[in-house]
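The structure under discussion appears below in the form of structure tokens.
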Amino acid sequence: MKIAIASGKGGTGKTTLATSLSSHLSETQDVVLVDLDVEEPNSRLFIRGDQTHSQSICKQVPEWTGDCSLCGQCQEICNFNAVIKVGTQIMLFPELCHSCRACSELCPESALPLKPRKIGMLNQIQAGNLIFVESRLEIGEQQAVPLISQTKDYIDNHFDESYIIIYDSPPGTSCPVIEASKDADFVILVTEPTPFGLYDLKLAVEVMRKMKKDFGVVVNRDGLGNNDVLDYCDMETIPVLARISNDRRIAELYAAGELIFSTIPEFKEQLLLLERSLELSTVVDPV
Amino acid sequence: MKYAFTAKGESWDSEIDPRLGRTEFILIYDDKKNELSAYSNSEITQQAHGAGPLTVQKIIDLNPDILITGNGPGKNAAEVMSTSEIKIITGAGDMKIKEALEAYKSDKITG
């Protein structure tokens, strides 16, 4: 089972939920938490354990041999302006390259061979029974998608279906979020009951519907703002899986890098509610 | 001497477009012919990324000696620019084209 924790708006509580949900589930089951917010991964701040694996992640980008007739086909074929012909040279902008290989394959003189370029690091950490994997994008790299995609490949190659896999996704509704959630069996959209939260939730719902994803909403900082998010979910028949109170103690624990569920019973209650609705609990708790 | 300007319009009274990569127009003034010509750069709005190098490529093709602009080139645009001999003058972002040319000639704006 793969669950992606996403949101339209940033800072709604994806990491708070992802770290607590995966740590709690790992007490009874095999769980892998994967931080796919590769541009600013911060799940690790809450996970204490030993690093068991680390590797570089590369993408393939063209390199000009410096020897061609400057026909310019490479520039014409590139949709991302990653290769342009200036004067008597071909200039490449690898951070714009989407590794589609078109320029390299179509070059009549084979003057653009592909070379690996490091775009980030993948780390694996063992924290009790919880396995945590994160990837970090290199500073200056502009594209998160190739790193997210290769991190998911790593997960698929190392963990079979007996694991519950939880993706802590990037915020927003653009390519990185789509890449992070496209093969999830279920997507949890975390939002807050404010006009900003609702506005971005609507965008995220639109994306999830377009991707034909099974999804539900977790309202964080419940009690803040107004009732519009709940009314919207009601009207759109979107299940509200849990409601986490707007509680200063949660913010304090988060700021201290602590998991929330072990200290705040009301939070744990909502976590159990969420696990039950996702049919993840192994033990049936008295309601 | 041939001058290039990043511009929001097509005349001497147009304002400098402070952006280089996403400038609306490129104006070329040839002082030997006393001629001002305008080239639209409007198709750049369709590019999500890589606007700087493309616009600079266009400017290089117009073969000016000096480029007068506002904010100046970003990293990629500067890299393309460095393949040419064109001198870049920045800081004209809040001027009209004619004022920018005067400011350059009187050394009020420099590289």
Check your understanding: Does A:Ser54 qualify as being farther than 30 Å from A:Lys268 by Cα and either among the aliphatic types (A, V, I, L, M) or within 27 Å of the chain's Cα centre (by Cα) (or both)?
Key -> yes
Revision key, fill the gap. Of those in the range B:41-72 that are under 10 Å from the mean Cα position of the chain (by Cα) and part of a loop (DSSP other than H, G, I, E, B), the residue nearest to A:Pro94 (Cα to Cα) is B:Gly72
Check your understanding: For the range A:94-151, which residues satisfy the criterion of being farther than 16 Å from A:Ile165 by Cα and among the acidic types (Asp, Glu)?
Key -> A:Glu95, A:Glu105, A:Glu109, A:Glu138, A:Glu141
Check your understanding: Within the range B:88-96, can one find any residue that is buried (at least 17 other Cβ atoms within 10 Å of the Cβ), within 10 Å of chain A (Cβ to nearest Cβ) and more than 21 Å from B:Met1 (Cα to Cα)?
Key -> no
**Study point:** Among (1) more than 24 Å from A:Ser43 (Cα to Cα); (2) in a helix (DSSP H, G or I); (3) not small (Gly, Ala, Ser), the one test that A:Glu269 misses
**Key:** (1)
Review point. Quick one: would you say B:Glu99 is of a type outside the set (A, V, I, L, M, F, W, C), part of a helix (DSSP H, G or I) and touching a residue at least 24 places away in the same chain (Cβ under 8 Å)?
Key: no
Practice item. Within the range A:26-35, identify whether any single residue is in contact with a Gly (Cβ under 6 Å, 6 or more places away or on another chain) and touching a residue at least 40 places away in the same chain (Cβ under 8 Å), and answer yes or no. Key: no
**Study point:** strands (runs of 3 or more DSSP E) wholly inside the range A:87-170 that include at least 2 residues being away from every other protein chain (no Cβ under 14 Å), crowded, with 20+ Cβ neighbours inside 10 Å and out of contact with any His (no Cβ under 8 Å at 6 or more places or on another chain)
**Key:** A:114-127, A:130-137, A:164-168
Review point. Which condition number does B:Arg19 fail, the rest of (1) within 14 Å of chain A (Cβ to nearest Cβ); (2) not in a helix (DSSP H, G or I) being met?
Key: (1)
Point to revise | Selection status of B:Asn34, under 19 Å from B:Met1 (Cα atoms), in contact (Cβ under 8 Å) with a residue 40 or more places away in the chain and not hydrophobic (A, V, I, L, M, F, W, C) | key: no
Practice item. Would you point out which residue out of B:Lys8, B:Lys32 is touching a Phe, Trp or Tyr at 6+ places or on another chain (Cβ under 9 Å) and either within 14 Å of another protein chain (Cβ to nearest Cβ) or over 18 Å from A:Val86 (Cβ atoms) (or both)? Key: B:Lys8
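Conditions (1) of a type in the set (D, E, K, R); (2) in contact with a Gly (Cβ under 8 Å, 6 or more places away or on another chain), marked per residue:
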site	(1), (2)
A:Pro171	no, yes
A:Thr191	no, yes
A:Asp200	yes, yes
A:Arg243	yes, no
A:Ile250	no, no
A:Leu253	no, no
Review point. Being surrounded by 23 or more Cβ atoms within 10 Å (Cβ to Cβ), outside the structural domain of A:Leu273 (by TED's automatic domain parsing) and more than 30 Å from A:Phe159 (Cα to Cα), is that true of even one residue in the range A:64-72?
Key: no
Study note, to complete from the structure: B:Gly50 vs (1) surrounded by fewer than 18 Cβ atoms within 10 Å (Cβ to Cβ); (2) on the phi > 0 side of the Ramachandran plot: all pass except (1)
Check your understanding: Only one of (1) aliphatic (A, V, I, L, M); (2) within 15 Å of A:Ala6 (Cβ to Cβ); (3) touching a helix residue (DSSP H, G or I) at 6+ places or on another chain (Cβ under 9 Å) is not met by A:Ala127, so which one is it?
Key -> (2)
**Study point:** Residues located in the range A:200-251, provided they are farther than 16 Å from A:Ser169 by Cβ, touching a residue at least 40 places away in the same chain (Cβ under 8 Å) and outside any strand (DSSP E or B)
**Key:** A:Lys202, A:Ile250
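The values are calculated or read from the model by the stated rules, or taken from the named source; none is laboratory data. Keep in mind it's a predicted model, so treat the numbers as computed, not measured. As a convention, Cβ positions derive from the backbone with ideal geometry for all residues, glycine included, and neighbour counts pool all protein chains shown.
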